[in-house]
1. Mind ranking 211-221, 20-30, 232-242 by how tightly packed they are, going by the mean number of other C-beta atoms within 10 angstrom, highest first?
2. Simple spin-label model, 7 Å along Cα-to-Cβ: Tyr375 to Arg324 in nm?
3. Enumerate the amide H contacts of Ala30 below 5 Å, restricted to partners 5 or more residues apart or on another chain; note that Pro and chain-start residues carry no placed amide H.
4. Which of the helices in the chain, when you take each full DSSP H run, stretch at least 27 Å along the axis at their Cα atoms and have an average Kyte-Doolittle score of 0.5 or higher?
5. Fewest Cβ neighbours within 10 Å first, please rank Tyr180, Tyr18 accordingly.
6. Quick one: grab Rg to one decimal and Dmax as a whole number for region 25-159, Cα atoms only, in Å.
7. Take region 132-255, drop everything but the C-alpha atoms, weight them equally and run the Debye formula without solvent; then report log10 I(q)/I(0) at 0.15 Å⁻¹ to two decimals.
8. Specify the residue with the greatest mean-square fluctuation among Gly223, Gly296, Gly246, computed from a Gaussian network of the chain linking alpha-carbon atoms under 10 Å apart.
Amino acid sequence: MTATRVLVLNSGSSSVKYQLLDMGNGSRLAVGLVERIGEQTSRLVHTPLGTGGEKRERTGPIADHEAALRAVSEELSADGLGLDSPDLAAIGHRVVHGGSRFSEPTVVDDEVLAEIERLIPVAPLHNPANVTGIRTARALRPDLPQVAVFDTAFHTTMPESAARYAIDVETADTHRIRRYGFHGTSHAYVSRETAKLLGKAPEDINVIVLHLGNGASASAVAGGRCMDTSMGLTPLEGLVMGTRSGDIDPAVTFHLQRVAGMSTDEIDVLLNKKSGLVGLCGDNDMREIRRRIDAGDRSALLAFEIYIHRLKKYIGAYYAVLGRVDAVVFTAGVGENAAPVRAAAVAGLEELGLALDSARNEERSEGARIISTPYARVTVAVVPTDEELEIARQTFALIGGELPD
Ligand code: ADP
């Protein structure tokens with residue numbers, strides 16, 4: 001195969017994030033973002049990489065996803081990297097929900113696209129935009145393989161005991177209610193990179209991955225296969241997040257309907273947008289929360305403590321699910337950058353074999369690194385995630401491209 005470039009698209013309802021990668025050597029050629037699509041104040045920020053080009057920005061109305069992709073293609077063309085280039089091998093699309101069917105990256109045809117659309121009721125916020133992104137890219141380059149890489153795919157190996165909710169089976173099956181999990185591309189990438197860091201094969205290690213970004217999820221990975229993960233039918237379940245509550249007694253929702261007269265949509269907004277760290281203290285950025293704690297702010301401290309308490313419970317739970325743990329790994333914005341979160345999450349877990357080297361934990365570095373003490377039984381590590389690279393890799397491998405080591 002001579003064409004080695006893969007364009008990765010992450011289409012949101014009013015935004016498109018993109019990266020162009022060369023899978024011949026794994027390098028990134030350009031990254032960018034179109035935001036506020038459909039508004040008068042749309043903005044495209046494009047950064048060519050490795051060509052010596054400067055970051056470029058354009059503002060002004062971009063009507064829809066098709067106009068956005070055309071604008072992206074123009075920017076790429078200006079660097080000789082346009083969508084019409086014969087060097088482009090495929091387009092890889094991040095798709096949030098793949099339901100139970102899609103356990104692998106999949107070349108999109110009409111039938112696959114229809115199935116992704118059928119999943120819209122379980123992913124109303126994300127799948128419509130993903131479908132639009134795929135449609136638009138197909139229209140622009142109908143001859144090119146378009147590959148869907150699903151956020152849920154890595155979690156399809158979960159045993160039924162972890163994937164099923166304890167509710168009436170018929171109701172669950174009729175409405176496809178089960179635990180799907182999300183951030184799968186990140187959990188897959190990070191657990192594999194952890195094996196590299198430990199100098200072992202993924203099949204030989206058990207890892208707890210803590211993906212702590214604005215959205216946050218934990219997973220228990222045994223021998224490269226996901227055994228459990230903290231998000232469920234939707235990304236609302238599990239850890240305390242930037243704006244989401246994570247685990248909550250479902251009866252809270254009935255209570256809010258009956259006692260506070262709130263509608264289903266209002267409760268949805270409350271739990272997804274106005275809860276988590278923002279609900280607890282008004283801020284969802286961990287840097288700001290730490291700054292407030294240092295200034296003696298009690299509500300920021302309580303928010304932090306609730307966040308850590310939940311995280312610790314999941315570490316303990318997944319330790320028990322796995323039986324033996326080789327590594328606990330932190331990734332994403334908070335996990336990679338917030339040393340106090342990592343320190344607090346594993347504090348007091350020495351009996352479980354977890355002990356941090358505080359100097360290593362405080363050190364800042366770009367790459368993957370071990371932050372536990374040399375004698376700790378369980379390695380604690382920071383492994384930066386790279387979902388775009390993983391999507392590009394999976395896309396390229398699926399169309400028969402050979403990846404460098
Ligand atoms: P997402 O992809 O879910 O939007 P990210 O993985 O980019 O999120 O993480 C974003 C979050 O990372 C921010 O909300 C902030 O809380 C946290 N973060 C980023 N940089 C730092 C830092 N230097 N220290 C602490 N937290 C940070």
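Bear in mind these aren't lab numbers, they're just calculated from the coordinates by the rules spelled out. Source: prediction; values computed, not measured. Because the Cβ atoms are built from the backbone with ideal geometry, glycine has one as well, and the counts that use them run over all protein chains shown.
1. The packing order, highest mean first, is 211-221, 232-242, 20-30.
2. Using points 7 Å along Cα→Cβ, the separation is 2.2 nm.
3. Amide H neighbours of Ala30: Leu20, Leu49.
4. Span-like helices, by this rule, are 298-322.
5. Tyr18, Tyr180
6. 16.1, 49
7. Reported log10 I(q)/I(0), two decimals: -0.81.
8. Looking only at Gly223, Gly296, Gly246, the biggest GNM fluctuation is shown by Gly296.
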